[in-house]
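Values quoted throughout were computed directly from the atomic coordinates according to the rules given, and no laboratory measurement underlies them. Owing to the predicted nature of the structure, the values given are computational and were not obtained by experimental measurement. Neighbour counts are summed over all protein chains in view; Cβ atoms, including those assigned to glycine, are modelled from backbone coordinates with ideal geometry.
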Amino acid sequence: MVALGAFVLTGCGGGGGGGGGNSGLSLSVTPLNVAVSATTAQPAPSASVQASVSGQQQSQQVYLAGKYSTNGIQSVSLGGSTSPVTVTITFKSPASLGSGTYTDTLQLSGCYDQACTQQVANSPQTVRVQYTVTGSVVKLTALSPSSAVATGAAFTLTATGSNFTAQSVVQWNGSARSTTYVSATQLSAQITAADIAAPGTASVNVLDPVNGSSNTLTFTIQPAMLTLNTLSPTSVAVGGPGFMLTVLGAGFSSSSIVQWNGAARPTTYLTTNELIAQIAAADIAAVGSASVTVQDSTSAVGTTAPQTLTIVPVSKDATAFQMNPAHTGAVTFASVSFPTSPTWSVDVGGTPSYALIVSGKVYVTVAIAGGSSQLLALDQATGATAWGPVVLSGAANAAYDSQTLFVISAPFSTAATIEALDPNSGQLLWSALLTGTYGYSSAVTAANGVVFSAGYAFDQKTGATVWQIGAAGGDSTPAVTADGMYLTYPCTTIDYRPATGETIWSNNTGCSGGGGGTPVVANQLLYAPNGFGTYNGSIFNAETGALAGSYVSDNPGAFTASTGYFLQSGTLRGVTLSNNTVIWSFAGDGMLVTSPIAVNQYVLVGSSSGNLYALDGATGSQVWQVTLGAGLPPGAGWGAGLPLSGLAAGDGLLVVPNGTKVTAYTLSANP
């Protein structure tokens, strides 16, 4: 028994006769039986009794003393110093006691003295206390489903049992999941894809603040069946460099090996859904196709069904800014000769962009009065309008891939839009809004079934979002290769995996600011305008991000296998790439402004005065010159946003924007 110290009770009643002798006082305690209960999930309860002394005169002091057992009682305290007084009983934590019935007694006495040698009438009085602790009454009997395949989608889990309440929560490995109360026997919980990302098991229980925690059931996460779903890229140009092949599927493990025509290739395991395989240049040395499979000795499947990667001839089309998705500004025809006069010249009623030249048509976006644009399709042979104009809201540029035309239009004050059109008719196929953008200034690049803009990737067939990243916008149009999508901003260069948007590598030199520039990938090197206020920048290994040097240029250059052509302070220079040596310079009329382009062994460049030059790429000697009726627009240097413009050559045709005209020259009748 624990003694309860003597507490003074001061009388507050009216003064009668009798002179304060030790007689006539009586103790009363109510109730004399106390019963409480709690579950093991609840906090410790408390109870109280009232003790009073009758017959006490004003200012007369009486002492209240007592003792109690501690089977279930934690402590006893008195509140107040005048009769009647509240005696509070605090019980021990239910969880610390466990299930059971705990009985105690609380004995209280009223005393005339502090030592309690003289007690008032009816002392002591005994309060009998019963404290019942019950275990959890929540029962979990079934889960539906009771298993799922690893790497699957999020789903709703139904928990069946008894004694659920509206406060009941389903727990997954001890962590609460969003739970909906259906009834006292059913709950539904939202299980995320991350919860079943890897094979194994999960412990599921129900926690209720009143009824405690239920028993635990096991949810099984089964290994995904070994499956190969997609490849990225799905096609590559013959004779290109080696590349990293992204393989997407299910059921991959660290034992998974990518096979190329049945032969293993160096493979990196990333996740159960993604592998990366190193494909050598020798693997794509000839036009044809390759059968790609995944083999895994730990899987019952063994080897997946194949996917086909196509090795295609090098394109002679102009399908993007600087003619191709990597923006190299180079194309090779079967032969080249320079004409004495244009094949055709068309006034398009506004300022034309770079041209796309593919499948017998020339596509240009045109900036018109009021800040809007239009899209035109011209016949490649005659310049006659094939279809259009299609009116676009805001500045615009276009790209082409897989027999589909893609155009981005960006009003200054509202969100930009990417549209897919039938290249033969201009019919709209789908439209995607770049929500949250305004003043957007990145053009589009399309390659390998995906259309890219800064921060966005959309499926070319459906317009569905493939991925989206935070660094959306900026004056950087993506450069895209078989295994990289590159963006450059002031001091920042990033290489993203085209299929997934994962960052492969990034480089930051420490500064900050707005703007940016369009990068170029040539000969497995990335030319990144990562400075501020100038297109000059750094050269990186495109695969690893290792710094390889620096370059100087007013705008994107043009590149062959051995030579780079850079406009530097208005002078065009040929530079040997192996040692960064200038081999020739050409100033022209002193007003050169366009990005150069390389066609076979020649390099072409235009001036703001309307002159267009062709030079021998090896010597810089002028081999051709024409004067157009208006100046050529400047190349897309640092901070250049929509609309981008420039020279373009494809399908044997050279297309030159000048003033409000588009002028075409035939360079090769059989490219």
Can you list the HN-Hα couplings for segment 637-649, worked out from phi with the Karplus curve (6.51, -1.76, 1.60; θ = phi - 60°), rounded to whole Hz and with x for Gly and Pro? x, 4, x, 7, x, 4, x, 7, 9, x, 6, 8, 9
Give the shape of segment 445-529 as rounded, prolate or oblate, defined through the alpha-carbon gyration tensor: a ≥ b ≥ c are the square roots of its eigenvalues, a/c under 1.5 means rounded, and otherwise the shape is prolate if a/b is larger than b/c and oblate if not. prolate
Around residue 202: net Lys/Arg minus Asp/Glu count, Cβ-Cβ under 12 Å: 0
Between residue 628 and residues 5 or more places away or on another chain, which pairs have amide H atoms under 5 Å apart, with H built 1.01 Å from N, and which residues are they? 611, 612
Calc'd 3J(HN,Hα), segment 174-191, phi into Karplus 6.51 cos²θ - 1.76 cosθ + 1.60 (θ = phi - 60°), Hz, glycine/Pro = x, comes to x, 10, 5, 10, 3, 10, 10, 7, 9, 6, 5, 10, 8, 10, 10, 10, 8, 9
How much of the DSSP bridge set in the chain is antiparallel, in percent, rounded to the nearest 5? 95 percent
What number comes out for the charge environment of residue 496, summing +1 per Lys or Arg and -1 per Asp or Glu over other residues with Cβ under 11 Å away? -2
Residues whose placed amide H lies under 5 Å from that of residue 659, excluding near-sequence neighbours: 631
Let me know the charge dipole size of the chain about its Cα centre in debye, to the nearest 20, where only the beta-carbon of Lys, Arg (+1) and Asp, Glu (-1) is charged. 1460 debye
Just add up the charged neighbours of residue 252: K/R +1, D/E -1, any other residue whose Cβ is under 10 Å from the Cβ of residue 252. -2
Say R0 is 56 Å: what FRET efficiency, to the nearest 0.05, do residue 147 and residue 412 get from their beta-carbon distance? 0.60
Using the per-residue mean of other Cβ atoms lying within 10 Å as a proxy for protection, in what order, highest first, do the peptides 419-425, 640-646, 477-483, 169-175 fall? 477-483, 640-646, 419-425, 169-175
Ignoring everything except DSSP H segments at least 4 long, calculate the 222 nm mean residue ellipticity for the chain; use -39,500 (n - 2.57) per segment, divide by total residues, nearest 500. 0 deg cm²/dmol
Amide H within-cut-off set for residue 61, under 5 Å, with H built and near neighbours excluded: 11
On a C-alpha basis, how far is the centre of segment 94-171 from the centre of segment 629-650 in Å? Whole number, if you could? 78 Å
Relative contact order of segment 139-222: what whole-number percent is it, with Cα pairs under 8 angstrom and at least 6 residues apart? 36 percent
Taking a label point 7 Å from the Cα of residue 547 along Cα-to-Cβ, the residues of segment 555-595 whose backbone nitrogen sits under 18 Å from it are 580
Enter the Cα centre distance for the pair segment 525-590 and segment 389-418, rounded to the nearest angstrom. 29 Å
Where does each of 255-263, 541-549 land if you order them by average Cβ count within 10 Å, highest first? 255-263, 541-549
Top positive-direction residue, dipole computed over the chain with Cβ charges, set 583, 510, 623: 510
Using Cα pairs under 8 angstrom and six or more residues apart, how large is the relative contact order of segment 231-312, in percent? 36 percent
Read phi for every residue in segment 559-570 and hand back ³J(HN,Hα) as whole Hz from Karplus 6.51 cos²θ - 1.76 cosθ + 1.60, θ = phi - 60°, with x for Gly and Pro. 9, 9, 5, 10, 10, x, 10, 10, 7, 10, 6, x
Given an 8 Å cut-off on Cα distances and at least 6 residues of separation, report the relative contact order of the chain as a percent. 9 percent
